[in-house]
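Beneath this line is the structure, given in structure tokens, with notes to follow.
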Amino acid sequence: RRVLCGAEYATVRYVGGVPPTAGIWLGVEWDDPQRGKHDGTYEGTQYFKCRHPRGGSFIRPNKANFGVDFLTAVKDRYGLNDEREVQHGTENTLVFGKKTVEFVGMDSIAEQQRQVRLNQLVDISVRECAVSHAGQKEEISRTCTNIRHINLSKNLISSWETVTAIASQVQKLETLNISENKMKFPSTSTSVSSVFSKLRILALNQTEITWTEVLLCAPGWPALEELYLTSNNITVLERPDNVLQTLKLLDLSDNQLLDGNQLHLIAHLPRLEQLILRNAGISSIHFPDTGFGCKTKMFPSLKRLAINDNKISQWSSINELDKLPSLRSLQCHNNPFMDTEKNPETLRQLIIAKISQLEVLNKSEILPAERKGAELDYRKIFGNDWLAAGGNWNPEKNKPSEEFLAAHPRYPSLCLKYGAPEEGELKGRQPLTLKNQLLTLTIKCPEKPEQKPVEKKLPESMTIQRVKGLLYRLLKIPGSELKLSYESSKLEGKEVELDNDLKPLQFYSIESGDCVLVRW
């Protein structure tokens, strides 16, 4: 049994005498071991066992709160108990504006009103209400007919049977949160029933459930779409066979998985769109079923992945993510590989360039211009490495080493997309003096051929907004009406739109010799 003593939660491990004292004692293991005194051993006799050497105590039964039934907690939480209404004297009064009017003989109506109010409840939260059991059979289904969402987190529920006893009386249950209840789960496969037939969202955070127990219960969740399992000390996974096939979201954060290969065991959930693995002890990610440049058959529907706060130290794991066929959003803050690049903007560009279909990175949208700039910069930054590894402008001689392709698997596709980097692009960068930061650009108005092209020297840090201000002085056209783009001298025929007024010229990888096109 789970009990509450004051504000402290505990599990009963022993009931009986403790000589030489008289009477019955409860041997309890506290959730907070700092509350305890010993490990279940007293005067040389071990009465129970604790995980922590000082996590146990003996208390008298009258000091323990064994909890209340579900419906009592609901009535207490929503002010629908007889005692509470009598206490506040509200059952015989009504308020009209600022006047309180007392009615006589309304006691018979009060119960009906309470019943109506209980029947109107759809979303119920009895978090921290000391719920320990379901109560009288059918009482919940008779009283609360419209419940769809229940929050039962941090109560005194000690077994999955109690959860089932409550849920069996809620015909329309869609969302259930029973996190922070330390309970026992079935050790054998549960029989399929209709108790959770409509359940879509289930939270089992901090319940000490194992992945094996999840799979044993899962046949009873035929429509489940979201499953939250954070902080359960789950270390190993197993392949779900014919269960969890409807799952769209899985959260395994704050479980220290044995290794990244554990992910392969859940990689064939056909509808899984979101996988949350924050602080999951992952040091590498690898999809061995396919090589670089190809898409893996693993995680076929995965769109959103969160791997924040892990131990990923190699960029090769980021390369692997490009194999995921449906990945659109990635969160990867606080991993050691990010320490290899001090400039956060450069770091972001590297990740964008390495994962071709990514649309959102660390909750920030990737605009087309940002992707183009990132890919062009990546192609330029690693151009000399490409040449040194056997890359060549002549397609017949272009044979970069396997080592280079393993480190930069997207490089060949970027060369196909933008062309191989020109020799001029790969010259060593000059010191950052003001002179070297000036770009010599030709400004043309393609729709006004009579307007002669103008050559201007502009700082690469100049924002598009300031460029428009300069053009206003030249052309007398308001900046709000101007549409700018540029043609690279290295990529003939390709035009890039300068669509963000707040970005500097260098953001778009503009170089001296390029041509800025002005339209209005």
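The values are calculated or read from the model by the stated rules, or taken from the named source; none is laboratory data. Not measured: the values here are computed from a predicted model. Cβ placement follows ideal geometry from the backbone for every residue including glycine, while neighbour counts extend to all protein chains displayed. Note: areas computed on protein heavy atoms with side chains; ligands, DNA, RNA excluded. Shrake-Rupley method; radii C 1.70, N 1.55, O 1.52, S 1.80 Å.
Test Glu460 against the criterion of being without any contact (Cβ under 8 Å) to a residue 24 or more places away in the chain and either within 20 Å of Gly373 (Cα to Cα) or open to solvent by 60 Å² or more (accessible area, probe 1.4 Å) (or both), and give yes or no. Criteria not met by Glu460. Scanning region 32-52 for any residue that is in contact with a Lys or Arg (Cβ under 7 Å, 6 or more places away or on another chain) and in contact (Cβ under 8 Å) with a residue 60 or more places away in the chain turns up nothing.
Residues in region 8-42 that are within 45 Å of the chain's Cα centre (by Cα) and open to solvent by 90 Å² or more (accessible area, probe 1.4 Å): 5 in all. Within region 233-262, the set of residues being among the hydroxyl-bearing types (Ser, Thr, Tyr) and either open to solvent by 10 Å² or more (accessible area, probe 1.4 Å) or not in a loop (DSSP other than H, G, I, E, B) (or both) comprises Thr235, Thr246. Within region 43-60, the set of residues being outside any loop (DSSP other than H, G, I, E, B) and surrounded by fewer than 19 Cβ atoms within 10 Å (Cβ to Cβ) comprises Thr45, Gln46, Phe58, Ile59.
Does Leu265 satisfy the condition of being part of a helix (DSSP H, G or I) and open to solvent by 40 Å² or more (accessible area, probe 1.4 Å)? Criteria met by Leu265.
Quick check on Ile140: is it part of a helix (DSSP H, G or I) and either modelled with pLDDT of 95 or more or open to solvent by 50 Å² or more (accessible area, probe 1.4 Å) (or both)? No.
Tallying residues that are farther than 20 Å from Leu470 by Cα and either among the acidic types (Asp, Glu) or open to solvent by 60 Å² or more (accessible area, probe 1.4 Å) (or both) within region 491-511 yields 4. Of all residues in region 198-227, those satisfying the criterion of being surrounded by 19 or more Cβ atoms within 10 Å (Cβ to Cβ) and of a type in the set (Gly, Ala, Ser) are Ala203, Ala218, Gly220.
When region 296-310 is examined, which residues are found to be surrounded by fewer than 16 Cβ atoms within 10 Å (Cβ to Cβ) and over 17 Å from the mean Cα position of the chain (by Cα)? Explain how you work it out, then say what you get.
Taking region 296-310 as the starting set, the residues that turn out to be surrounded by fewer than 16 Cβ atoms within 10 Å (Cβ to Cβ) are 297, 301.
Lys297 - this is the single residue of region 296-310 that is surrounded by fewer than 16 Cβ atoms within 10 Å (Cβ to Cβ) and over 17 Å from the mean Cα position of the chain (by Cα).
Within region 353-400, being in a helix (DSSP H, G or I), exposed (fewer than 13 other Cβ atoms within 10 Å of the Cβ) and among the small types (Gly, Ala, Ser) holds for one residue alone: Ala388. For region 115-137, enumerate the residues that are over 12 Å from Arg77 (Cβ atoms), of a type in the set (A, V, I, L, M) and either more than 29 Å from the chain's Cα centre (by Cα) or surrounded by 21 or more Cβ atoms within 10 Å (Cβ to Cβ) (or both). Scanning region 115-137 gives Val116, Ala134.
Among the criteria (1) modelled with pLDDT under 80; (2) touching a strand residue (DSSP E or B) at 6+ places or on another chain (Cβ under 9 Å); (3) not basic (Lys, Arg), the one Glu492 does not fulfil is (2). Given the criteria assigned to a helix (DSSP H, G or I) and at pLDDT 95 or above, does Thr230 qualify? Here the answer is no, as Thr230 does not meet what is asked. When Gly281, Gly291 are screened for being without any contact (Cβ under 8 Å) to a residue 24 or more places away in the chain, surrounded by fewer than 19 Cβ atoms within 10 Å (Cβ to Cβ) and not acidic (Asp, Glu), only Gly291 passes. Just so you know, in region 444-497 the residues that are small (Gly, Ala, Ser) and part of a helix (DSSP H, G or I) include one that is nearest to the chain's Cα centre (by Cα), and it is Ser480.
Go through region 1-17 and give me each residue that's over 20 Å from Gln206 (Cβ atoms) and either at pLDDT 95 or above or assigned to a strand (DSSP E or B) (or both). Give the derivation first.
Taking region 1-17 first, the residues over 20 Å from Gln206 (Cβ atoms) are 6, 14-17.
Tyr14, Val15, Gly16, Gly17, listed by residue number.
I need the strands (runs of 3 or more DSSP E) fully contained in region 149-214, keeping only those with at least 1 residues that are out of contact with any Cys (no Cβ under 6 Å at 6 or more places or on another chain) and among the hydroxyl-bearing types (Ser, Thr, Tyr).
Details: elements: 149-151, 175-177, 201-203.
In region 149-214, the matching strands (runs of 3 or more DSSP E) lie at 175-177.
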